[in-house]
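As structure tokens, the structure follows; a few thoughts come after it.
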């Protein structure tokens, strides 16, 4: 940059720094867990606690997303990912719920990783905006999650 260049690097936002701290805590906590059953039970408890701590309408949407994901793909393992409820298959992230409050967005999102088998031609969505949970939205999520692990 030149001295006349007005751009300055301001680093990560407070929300981004908090997400990274959440992730570091999650990794340390997972490493301390002993048995596979303990890991699964504690990871589920962590996800449910994180959802319970959310404000509405995020909490209600996260509760419904959790219910739909676990019913549609019971093989997915709930876990926290950067402080967000997420679901993994064999340790690899498949999808996650991001509350609107997480990064001060106007809507929540349901995101899918590259491990999700949602390929559809040369281009497809990997993240979906969630503004409210309706039966149609729940059905769409169920279909997407089932396809993601197929």
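Within the stretch 74-83, is there a residue that is touching a strand residue (DSSP E or B) at 6+ places or on another chain (Cβ under 8 Å), surrounded by 16 or more Cβ atoms within 10 Å (Cβ to Cβ), modelled with pLDDT of 95 or more and within 16 Å of residue 128 (Cα to Cα)?
No, the stretch 74-83 has no match at all.
Sort out which residues of the stretch 90-108 are buried (at least 17 other Cβ atoms within 10 Å of the Cβ) and farther than 18 Å from residue 139 by Cβ, and write them in order of number.
Result: 93, 94, 96, 98, 99, 100, 102.
Restricting to the stretch 82-104, count the residues that are touching a residue at least 24 places away in the same chain (Cβ under 8 Å) and more than 10 Å from the chain's Cα centre (by Cα).
6
Go through (1) at negative phi; (2) modelled with pLDDT under 95; (3) surrounded by fewer than 19 Cβ atoms within 10 Å (Cβ to Cβ) for residue 11 and report which single condition fails.
(1)
Over 22 Å from residue 146 (Cβ atoms) and either out of contact with any strand residue (DSSP E or B) (no Cβ under 7 Å at 6 or more places or on another chain) or in contact (Cβ under 8 Å) with a residue 40 or more places away in the chain (or both), is that true of residue 62?
Against the criterion (over 22 Å from residue 146 (Cβ atoms) and either out of contact with any strand residue (DSSP E or B) (no Cβ under 7 Å at 6 or more places or on another chain) or in contact (Cβ under 8 Å) with a residue 40 or more places away in the chain (or both)), residue 62 does not qualify.
Go through the stretch 45-58 and count every residue that is in contact with a helix residue (DSSP H, G or I) (Cβ under 9 Å, 6 or more places away or on another chain) and either surrounded by fewer than 15 Cβ atoms within 10 Å (Cβ to Cβ) or over 21 Å from residue 107 (Cα atoms) (or both).
Qualifying residue count for the region: 3.
Being more than 13 Å from residue 115 (Cα to Cα) and touching a helix residue (DSSP H, G or I) at 6+ places or on another chain (Cβ under 6 Å) is the filter here; which residues of the stretch 78-97 pass it?
Selection gives 78, 79, 80, 82, 83, 85, 97.
Within the stretch 105-142, which residues are assigned to a loop (DSSP other than H, G, I, E, B) and closer than 25 Å to residue 43 by Cα?
Residues satisfying the conditions are 113, 114, 115, 116, 117, 126, 133.
The values are calculated or read from the model by the stated rules, or taken from the named source; none is laboratory data. The model shown is predicted, which means the values in this text are computed figures rather than measured ones. Glycine gets a Cβ as well: all are built from the backbone with ideal geometry, and neighbour counts include every protein chain shown.
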